[in-house]
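Every number here is computed from the coordinates shown, using simple stated rules; none is lab data. Being a predicted model, the structure only gives us computed values, none of them experimental. With ideal geometry, Cβ positions are generated from the backbone for all residues, glycine too; neighbour counts draw on all protein chains shown.
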Amino acid sequence: MEAYMNWFREEDGKLIWAKNHETVQIQPWGNDSIRLQSTINSEIVERSWALLNPVKIKPQIEINEAGAVIQNGKIKAKYLKTAG
């Protein structure tokens, strides 16, 4: 398993990337929408700063040697490994 795969995890329906005290979190936020949060801290502080309250939705999340993908309905966010 590549080292970069250890930077990703799925937690409570969220795709999380964490490395060197930086964190990026992508989660479903209603139908066909996602919310992306990032911080230079080791974890995201949950705040209600979004305009709409989230709707509880189970996204499709896949983490493998090619990268990581989260899909919520018609929208998809990808992290793909590149050569080098």
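Exposure proxy shown here: for SER48, SER38, the number of other Cβ atoms within 10 Å sets the order, fewest to most, as SER48, SER38. Seen from ASN72, the other residues with C-beta closer than 15 Å to its C-beta sum to a net charge of +3, counting Lys and Arg as +1 and Asp and Glu as -1.
Measuring gaps between exposed loop sites in the chain (trypsin sites (Lys or Arg not before Pro); DSSP loop; at most 13 other Cβ atoms within 10 Å), the longest gap, sites not included, is 1-46.
Derived scalar couplings between HN and Hα for the range 52-68 equal 10, 6, x, 9, 5, 9, 9, x, 8, 10, 9, 10, 8, 5, 7, x, 9 Hz in order, rounded to whole Hz, by the Karplus curve 6.51 cos²θ - 1.76 cosθ + 1.60 (θ = phi - 60°), x for Gly and Pro. For the chain, the set of GluC sites (Glu not before Pro) satisfying both a DSSP loop assignment and a count of at most 13 other C-beta atoms within 10 Å is given as GLU2, GLU43, GLU46, GLU65.
Residue separation of VAL45 and LYS78 scaled by 0.36 nm, minus their Cα-Cα distance, works out to 9.6 nm of gained length.
Loop-located chymotrypsin sites (Phe, Trp or Tyr not before Pro) in the range 16-84 (DSSP state other than H, G, I, E, B) with a sparse environment of at most 14 neighbouring Cβ atoms within 10 Å: TRP49.
Residues in the range 24-39 carry Karplus couplings, in order, of 10, 10, 10, 9, x, 9, x, 5, 6, 8, 9, 10, 10, 10, 9, 7 Hz; the curve used is 6.51 cos²θ - 1.76 cosθ + 1.60 with θ = phi - 60°, and Gly or Pro positions show x.
Amide H contacts of ILE34 (H built 1.01 Å from N, in plane; Pro and chain starts excluded): TRP29 sit under 5 Å, all sequence-distant by 5 or more or on other chains.
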